[in-house]
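Structure, as structure tokens:
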Amino acid sequence: MKKTNRFFLLIYFLLLCFGILMVYSASSDSAQTNTGSSITYFRNQGIYAIVGILSLFFVSKLKKSFLVHPNLLKTLLTGMFALLGFVLLTGKINGSSRWINIGFFNIQPVELAKIILIWYTAFILSKKQKQLTSNWVQVIWAPLIVLSLVGMLLFLQPDTGSVLILAGIVLVQIFASGIPFYLGVLSSLFICSVMSGYIFLVSRYGTSVIGMSAYRFDRFKAFWSPFELENGAGHQLVNSYYALDRGGLFGVGLGKSVQKTGYLPEPHTDFILAVIGEELGLLGIFFVLTLLFSLILWVFYLGIKLKDPFASLLCIGVGMMFLIQSCINIGGVTGWLPISGVTLPFVSYGGSSLIISSIAIGLVLNVSDTFRAVKT
């Protein structure tokens, strides 16, 4: 393994350890209330981390021929659709059908869908590099159809945040694959215009807009006027503001958060960054985000430098997954974006997210060693 890879593997371990520490701090009160033990979520996160590390090293040693085997991709896609369809038949948790309970563990199929879709898109686009400049439409239709089918299943859960993440990942992989530059620019402008227009219609007509349920509209209202809805839909964001304001520059001290004691719902998952801000201050937030974005930049750097199209597009897809997910989580915690239930990679509590993120890092390490990089 290259020295640079070992260095960024160290960053991965630091993020993992910091996340476990903050999960314990953020969850001790809710764990005591919900399970009778203050270390339940801490213990679980530790187990998930061990599984994630083992998965990372296993995936990083897979052979190149295995990674690009068509039958493997077909099997993964079949399993992905089966799980996404099955989860709709399960009971709802917090108003959504996103988890499959297998007794000792809750599987979140969308996390699997992220890495499988990245893998599949990189494979398809890399196989047809020569056609991208002359007949690009025939090349991109397959990943776009798969993305559309996954998106429809996710809308039914509902899980709008993950739809946006997956769409962003696949579109960036397509733009990076070698299609004409002007198409990427026009597509980006078109997407931004559609999203802006949709948000404007929602602000004017609310749930009358196609695809806007009462559940989703509440998220938008909480984003626009959190303090007016402090006792309802704005409760999470308002208490996130209180936590960040109370923490200031240096924080109130590890374990001394007030907002985690019943004021901030699920403080160890979506809003763990608010607890970090309260306990460790702006400096604590800067520390964890520096680690996280260093890891993301490293993945993008490999994506640019790797000569093999599959390896390059895989890295770009993984980098976009972490980047978009991080931005959506940070935006939700700070009030810049509507709350979407998206976790902060490697830091928030959650087995599916942590293990799949670790597998993604394992794939990046694999292709960075297996496929020769351009020398700088």
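The values are calculated or read from the model by the stated rules, or taken from the named source; none is laboratory data. Just so it is clear, the structure is predicted and the values come from calculations on it, not from any experiment. Cβ atoms come from the backbone with ideal geometry, glycine included; neighbour counts cover every protein chain shown. Ligands, DNA and RNA are stripped out before the accessible areas are found, and what is left, the full protein with its side chains, is counted by its heavy atoms. Shrake-Rupley method; radii C 1.70, N 1.55, O 1.52, S 1.80 Å.
What the table below lists for this structure:
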| item | result |
| --- | --- |
| Flag for S162 being touching a residue at least 40 places away in the same chain (Cβ under 8 Å) and either in a helix (DSSP H, G or I) or under 30 Å from L83 (Cα atoms) (or both) | yes |
| Flag for I174 being modelled with pLDDT of 85 or more and either farther than 18 Å from Y120 by Cα or open to solvent by less than 10 Å² (accessible area, probe 1.4 Å) (or both) | yes |
| Unique residue being free of Cβ contacts under 8 Å to residues at least 24 places away in the same chain and either touching a Leu at 6+ places or on another chain (Cβ under 8 Å) or more than 16 Å from V23 (Cα to Cα) (or both) when the list is I304, I316 | I304 |
| Some residue of the range 321-334 being more than 15 Å from G161 (Cα to Cα) and either open to solvent by less than 20 Å² (accessible area, probe 1.4 Å) or touching a strand residue (DSSP E or B) at 6+ places or on another chain (Cβ under 6 Å) (or both) | no |
| Qualifying residues in the range 210-263 (those that are open to solvent by 20 Å² or more (accessible area, probe 1.4 Å) and among the β-branched types (V, I, T)) - the one farthest from M152 (Cα to Cα) | V252 |
| Any hit, the range 155-165, residues being under 30 Å from I355 (Cβ atoms), surrounded by 22 or more Cβ atoms within 10 Å (Cβ to Cβ), of a type in the set (D, E, K, R) and at pLDDT below 90 | yes |
| Test for V194: is it free of Cβ contacts under 8 Å to residues at least 60 places away in the same chain and buried (at least 16 other Cβ atoms within 10 Å of the Cβ) | no |
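Residues checked against (1) at pLDDT below 90; (2) closer than 18 Å to W298 by Cβ:
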residue: N5; (1), (2): yes, yes
residue: F13; (1), (2): no, yes
residue: N34; (1), (2): yes, no
residue: S60; (1), (2): no, yes
